[in-house]
Amino acid sequence: MDTQTQTELEAAAFRTLRDHLAKRTDVQNIDMMNLTGFCRNCLSRWYQEAAEERGISISKDNARETFYGMPFDEWKTKYQTEATKEQKNSFKENH
């Protein structure tokens with residue numbers, strides 16, 4: 001497989017992950033962090049960092065909107081729930 005095709009396939013898989021997470025508003029970031037060690041905020045930060053490495057300036061808010069499918073504050077208001085004591089304890093133990 002040539003490099004360009006590999007890059008295109010990786011980008012397509014990444015977009016599918018982004019779109020899947022935008023639809024799965026029931027999945028909280030703390031659950032993702034506890035299970036996988038990353039969340040939507042991590043993905044948006046990696047996206048922003050990749051842009052900056054290429055000389056492209058993207059704000060933190062714009063990068064987050066890419067992964068939330070809406071402004072971050074709007075997503076938090078609509079979908080974010082208060083973390084349970086168990087979720088918080090798991091996060092402290094694992095991070």
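The values are calculated or read from the model by the stated rules, or taken from the named source; none is laboratory data. Note that the structure is a prediction, hence the values are computed from the model and not measured. Cβ sites come from the backbone with ideal geometry, for glycine too, and all protein chains shown count toward neighbours.
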Q) If you check Ala63, Ala83, which single one turns out to be in contact with a Phe, Trp or Tyr (Cβ under 8 Å, 6 or more places away or on another chain), within 26 Å of His95 (Cα to Cα), modelled with pLDDT of 95 or more and surrounded by 12 or more Cβ atoms within 10 Å (Cβ to Cβ)? A) Ala63
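Taking the range 62-77 as the region of interest, how many residues are part of a helix (DSSP H, G or I) and under 12 Å from the mean Cα position of the chain (by Cα)?
7
I'm trying to understand the selection: among the residues of the range 24-43, which are among the β-branched types (Val, Ile, Thr) and buried (at least 17 other Cβ atoms within 10 Å of the Cβ)?
Here is the first cut: in the range 24-43, the ones among the β-branched types (Val, Ile, Thr) are 25, 27, 30, 36.
Within the range 24-43, Ile30 is the sole residue that qualifies.
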(Q) For the range 78-91, give me the residue count where each residue is charged (D, E, K, R) and either assigned to a loop (DSSP other than H, G, I, E, B) or closer than 17 Å to Ala22 by Cβ (or both). (A) 2
Q: Please work out which one of (1) under 17 Å from the mean Cα position of the chain (by Cα); (2) outside any helix (DSSP H, G or I) is the condition Met1 fails and give its number.
A: (1)
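Okay, residues lined up against (1) surrounded by 10 or more Cβ atoms within 10 Å (Cβ to Cβ); (2) at pLDDT 95 or above:
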{"site": "Met1", "(1), (2)": "no, no"}
{"site": "Ala22", "(1), (2)": "yes, no"}
{"site": "Arg45", "(1), (2)": "yes, yes"}
{"site": "Arg54", "(1), (2)": "no, yes"}
{"site": "Ser57", "(1), (2)": "no, yes"}
{"site": "Glu74", "(1), (2)": "yes, yes"}
{"site": "Lys78", "(1), (2)": "yes, yes"}
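For residues that are of a type in the set (Ser, Thr, Tyr) and assigned to a helix (DSSP H, G or I), scanning just the range 25-61, find the one that is farthest from Arg15 (Cα to Cα). Outline the logic, then answer.
Of the range 25-61, the ones of a type in the set (Ser, Thr, Tyr) are 25, 36, 44, 47, 57, 59.
Right, trim to assigned to a helix (DSSP H, G or I) and you get 36, 44, 47.
Values: Thr36: 18, Ser44: 12, Tyr47: 12 Å.
My answer is Thr36.
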Q: Scan the range 72-90 and report the pairs whose first residue is more than 17 Å from Arg24 (Cβ to Cβ) and whose second residue is modelled with pLDDT under 95 and among the acidic types (Asp, Glu), with Cβ atoms within less than 6 Å and a gap of 6+ or a chain change.
A: none
Q. Do we find a residue being more than 26 Å from Glu86 (Cα to Cα), over 10 Å from the mean Cα position of the chain (by Cα) and among the acidic types (Asp, Glu) anywhere in the range 42-50?
A. yes
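Among the residues of the range 59-95, write down those that are among the aliphatic types (A, V, I, L, M) and over 15 Å from Cys42 (Cα atoms). Break it down stepwise before answering.
Let us first name the residues in the range 59-95 that are among the aliphatic types (A, V, I, L, M), namely 63, 70, 83.
Of everything in the range 59-95, those that are among the aliphatic types (A, V, I, L, M) and over 15 Å from Cys42 (Cα atoms) turn out to be Met70, Ala83.
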